[in-house]
Amino acid sequence: MAIKTLQKVMEAKIAQGEKAFVAYIMAGDGGLDSLREQILFLQDSGVTAIELGIPFTDPVADGPVIQEAGLRALEAGANLRNILKTITKFKDEIHTPLVVMSYLNPIIAYGIQDFTKACEQSGVSGLIIPDLPLEESTIITSELQDTDIALIQLVSLTSPQKRIIKIAKAAEGFIYAVTVNGTTGVRQEFTEQLEQYLANLKKVSQVPVLAGFGISNSQQVKEIGAMADGVIVGSAIVQAFHDGNNKQITELLNKQSM
Amino acid sequence: MVKTIEQKQAGRYGKFGGQYVPETLMTALIELEDAYKEAQQDPAFYEELNYYLKDYVGRENPLYYAERLTKKLGGAKIYLKREDLNHTGAHKINNALGQALLAMRMGKKKIVAETGAGQHGVATATVCALFDLECIIFMGKEDVRRQALNVFRMELLGAKVVSVDQGAGTLKDAVNEALRYWVANVEDTHYILGSALGPHPFPQIVRDFQRIIGLETRKQIVEREGRLPDAIVACIGGGSNAIGMFHPFVNDEDVKLYGVEAAGSGLETGLHAAAIADQKEGVLHGAYMYVLQDDNGFIQEAHSISAGLDYPAVGPEHCHLHDIGRVKYEAVTDQEALEGLQLLSRTEGIIPALESSHAIFYAAKLAKKMKKDEILVICLSGRGDKDVQTVRDALGGINNGN
């Protein structure tokens, strides 16, 4: 299996002694028209990759901030098809890897084959499907095999070591280390086991380990970033864009280069 | 030839079922599967379960010959499996009891559950009171409104009821919120899913705990009539009473099985809960099933006068039984269900739940077409006390139900 672009980009960043930073946005929040602006803003701010959330009616892994953003995006008429189509229009301007985060049902409704093709056409380099555990991933892995699209595997605090090893073996792009038991969104505190959990993942994994869920301020970005190869920030960025407070995003990013 | 529905792969019913859940829940599902397998090998587990089913729930409940209804319709002999006579008034307690015992085996002292009509919530709150388990129930805000009495019943039983504002505030939204809660509290909490839905092993566990409905029916009808029935009818929301009733008869080809979905305002209006009739496959709440959805894969709201059928999908085993043609799935509208409710109330003095009324209406139609020496069993899944207000509103009080 050839190493995919997403992983190479992550590894290049880490090789410079820096931490990877993945920014999540809810595609269509603020209308599809604002998608280009948001992506280019994050790109100019120097994020390592951009996670493009696809709105869904029943986002069971998400907390209130992303749920509400999803509802706004749904009301604005965003869906998997028109989001990918929109991206394709300005893909030449995008040099930062795009990772699509979608629940499984919209992908099934699109058709797995057609969806994969559309991802390739719009230059998507990674895929996160929060309700697709390793056991069920064959529904899409055969389609992704000959593409440059990495299927990101998630590991959780509840995953036992044997399972972690199995997931790490299948991992491509990066491993998404879920840092809380719960949904996405701001957390004040993290478990004391976090450091050990991330250290173990880094030891087991051949690909970079990025921590995500609940990471929402520069202090957390710095502290948790130090334990992993990088972080994923979602709700805080989604909220900042919604509030028109882009400065806050720049601040989050500047603090993390340590 | 005997059709087999043995699962080729764990948790798969043909192409349906599976485990489409966040990674955080996978370990809990694997633990649950292991605990259940272990319990299945332990006679003491069933001894305890059967003790409570008998002395607490009141099983076995009767298979009642509905003589007046039979005469009125002039066709097949009609029997009612009286799940409405169970403690708490519906079949839901069979599963809640089994899963609570399973949770205790796993050392879990906290229970989360979703509820639509409130019957599963009441059943869960009841067993939690019985076994001193902490209990939190998620219920859509629309259901909280239309089933206010059940909310109070759950609170009386010591449960915490959380009203869910998201979406249309019905069963689907309550499941979403219960799943989110479970993800956050998975280490000490068991999720008592109320229907034959969700990720493996839930559809199997719920079915197994509900199979008692079909097993008793089988024994009772043979005692009474010396043979198996010609047809069995049950209503389908997620499908737990139906799968429990059908499963022991699936290999008896001569027994025709009918599942009745909620057609709401009518299939042609789009305002219904009949996912099998709609024929769109997809993933919701952890399983691959028939799911009401639009072309973008966004889940659509279900519509039914009965809160217990108001769910946009049907459990995976039913989807498979449909695909192999073993069970025939029909749909009955709100209006027709109200007719069914009145029919049984007046001919037999039994007010059925709105859910079960769907089965009654369809069975009445079917019975007329059957011969007098044929036998039809209806699964009377619950009693209608909880629905009296809804029914009064629907009938407008104009003709007092006449």
For the pair B:Asn50 and A:Ser137, how long in nm is the line joining their label points, each one 7 Å along Cα→Cβ? 4.5 nm
Cα centroid separation, the stretch A:205-220 to the stretch B:250-329 (Å): 40 Å
Mean shadow area of the stretch B:288-402 over all directions, Cα convex hull, nm²: 9.1 nm²
To the nearest 0.05, what FRET efficiency results for B:Phe152 and B:Arg68 with a Förster distance of 56 Å applied to their C-beta separation? 0.95
For the stretch B:109-166 (alpha-carbon point model, no solvent) the Debye-based log₁₀ I(q)/I(0) at q = 0.14, 0.23 Å⁻¹ works out to -0.29, -0.76
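Among the GluC sites (Glu not before Pro) within the stretch A:166-237, which fall in a DSSP loop and have no more than 16 other Cβ atoms within 10 Å of their own Cβ?
Numbers: sites: A:Glu172, A:Glu189, A:Glu192, A:Glu195, A:Glu223; in loops: A:Glu172, A:Glu189, A:Glu192.
Hits after loop and neighbour filter: A:Glu189, A:Glu192.
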With label points set 7 Å from each Cα along the Cα-to-Cβ direction at A:Val186 and A:Asn246, the distance between them in nm comes to 2.3 nm
Two-decimal Rg/Rh of the stretch A:5-254 from alpha-carbon positions, Kirkwood Rh? 0.92
Net lengthening on full extension, B:Thr269/B:Ile324 (0.36 nm per residue, minus Cα-Cα): 17.0 nm
Cysteines not pairable in chain B (beta carbon separation under 4.7 Å absent): B:Cys235, B:Cys319, B:Cys379
Among B:Ala103, B:Ala159, B:Leu380, which residue has its Cα furthest toward the positive end of the charge dipole of chain B, with +1 on Lys/Arg Cβ and -1 on Asp/Glu Cβ? B:Leu380
The rounded separation in angstrom of the Cα centers of the stretch B:159-181 and the stretch A:118-168 is 29 Å
Summing +1 for each Lys or Arg and -1 for each Asp or Glu, what net charge is found among the other residues whose Cβ lies under 9 Å from the Cβ of B:Tyr65? +1
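So if a site counts as exposed when it's one of the trypsin sites (Lys or Arg not before Pro), its DSSP state isn't H, G, I, E or B, and it has at most 15 other Cβ atoms within 10 Å, what's the longest stretch of chain B without one?
On the way: sites that count: B:Lys3, B:Lys8, B:Lys15, B:Lys109, B:Arg227, B:Lys371, B:Lys372.
The longest uninterrupted stretch comes out as B:228-370.
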What does the convex hull of the Cα atoms come to per residue for the protein assembly as shown, in Å³? 154 Å³
Spin-label zone in the stretch B:211-237 - amide nitrogen under 19 Å from a point set 7 Å from the Cα of B:Asp373 along the C-beta vector: B:222-231
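Given the pairs B:Lys160/B:Lys328; B:Lys172/B:Lys256; A:Lys8/B:Lys280; B:Lys219/B:Lys328; A:Lys202/B:Lys109; A:Lys166/B:Lys15, which are separated by over 28 angstrom at their Cα positions? Display every interim value, and only then the final one.
Values: B:Lys160/B:Lys328 39 Å; B:Lys172/B:Lys256 30 Å; A:Lys8/B:Lys280 39 Å; B:Lys219/B:Lys328 23 Å; A:Lys202/B:Lys109 34 Å; A:Lys166/B:Lys15 25 Å.
Check vs 28 Å cut-off fails for B:Lys160/B:Lys328; B:Lys172/B:Lys256; A:Lys8/B:Lys280; A:Lys202/B:Lys109.
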11 Å beta-carbon shell around A:Asp29, net charge (K/R +1, D/E -1): -1
Can you compute the charge dipole magnitude of chain B about its Cα centre, using +1 on each Lys and Arg Cβ and -1 on each Asp and Glu Cβ, nothing else charged? Give it in debye, rounded to the nearest 20. 1140 debye
For the stretch A:203-258, Kirkwood radius (reciprocal of mean inverse C-alpha pair distance, Å): 11.8 Å
Sites B:Asp252 and B:Gln335 - FRET efficiency at Förster radius 30 Å, r taken between beta-carbons, to 0.05: 0.35
In deg cm²/dmol and to the nearest 500, what is the mean residue ellipticity at 222 nm of chain B if only DSSP H runs of at least 4 residues count, each as -39500 (n - 2.57), divided by the residue total? -13000 deg cm²/dmol
What FRET efficiency would be calculated for the residue pair A:Lys89, B:Asp294, taking the C-beta separation as r and a Förster radius of 22 Å, to the nearest 0.05? 0.35
log₁₀ of I(q)/I(0) at q = 0.06, 0.07, 0.11 Å⁻¹ - chain B, Debye sum with one point per alpha carbon: -0.20, -0.28, -0.72
Within the set of other residues whose C-beta is less than 13 Å from the C-beta of B:Gly238, count the net charge using Lys and Arg as +1 and Asp and Glu as -1. -2
Quick one: Cα centre-to-centre distance for the stretch B:183-200 and the stretch A:7-36, in angstrom? 34 Å
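Every read-out reported here was derived from the displayed coordinates using simple, explicitly stated rules and does not represent laboratory data. Quantities reported herein were computed from a predicted structural model and do not represent experimental measurements. Using ideal geometry, Cβ is built from the backbone for each residue, glycine included, and neighbour counts are taken over all protein chains shown.
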